[in-house]
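Asks: Structure below; questions to follow.
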Amino acid sequence: MLRCSISVGLMLENRWKCVRLVLCLSSYNQPVLADIPRPETDTPTLVVAAALLELFALRTQQPAPAWTRQVGPMEQPRYLLKAATHMRRLRDLCRDAAPEPLRRRHLYAPPDYLAFA
């Protein structure tokens, strides 16, 4: 069994916070997302972590960690790309086509956001 850790940088209210996701990799190099524990962090970072884990789970066709279902949405909508604050078409694209796990938590990004991960 191979193990690794991945840090995902997230911009929240003009501050960089890092959500550390420890992924256990099987011999097929497939992350076991359901095994990732709930991070002990502030609420905005927890909401982003839950949304990203659900997004990765959707894309890899596996279950998300159970704790993600207990995390609600952001109080105010957030765009995960800084450029969306001043580029109207990008902002519209993010709002209209964001992946469902992000939209459900009032987080907005392009439809292919983090598709490389």
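Asks: Among the residues of segment 69-88 satisfying the criterion of being surrounded by 12 or more Cβ atoms within 10 Å (Cβ to Cβ) and of a type in the set (A, V, I, L, M, F, W, C), which is farthest from A51 (Cα to Cα)?
Replies: Restricting to residues being surrounded by 12 or more Cβ atoms within 10 Å (Cβ to Cβ) and of a type in the set (A, V, I, L, M, F, W, C), the top hit is M87.
Asks: Here's another thing I want to ask about it. Only one residue in T68, T60, T43, T85 is among the polar types (S, T, N, Q) and modelled with pLDDT of 95 or more, so which one is that?
Replies: Just one listed residue meets the conditions, T68.
Asks: Here's another thing I want to ask about it. Return yes or no: is A57 more than 23 Å from A109 (Cα to Cα) and in a helix (DSSP H, G or I)?
Replies: So A57 does not fit the description; no.
Asks: State whether one or more residues within segment 95-103 are surrounded by fewer than 17 Cβ atoms within 10 Å (Cβ to Cβ) and assigned to a loop (DSSP other than H, G, I, E, B).
Replies: no
Asks: In addition: Between a residue in segment 69-96 that is touching a residue at least 60 places away in the same chain (Cβ under 8 Å) and any residue that is loosely packed, with under 13 Cβ neighbours inside 10 Å, which pairs come within a Cβ distance under 9 Å, given they are 6 or more apart or on different chains?
Replies: Close Cβ pairs (under 9 Å, with a partner that is loosely packed, with under 13 Cβ neighbours inside 10 Å) amount to R78/E13; K82/N14.
The values are calculated or read from the model by the stated rules, or taken from the named source; none is laboratory data. Everything quoted here is computed from the prediction, not taken from an experiment. No Cβ is skipped: glycine too gets one built from the backbone with ideal geometry, and neighbour counts run over all protein chains shown.
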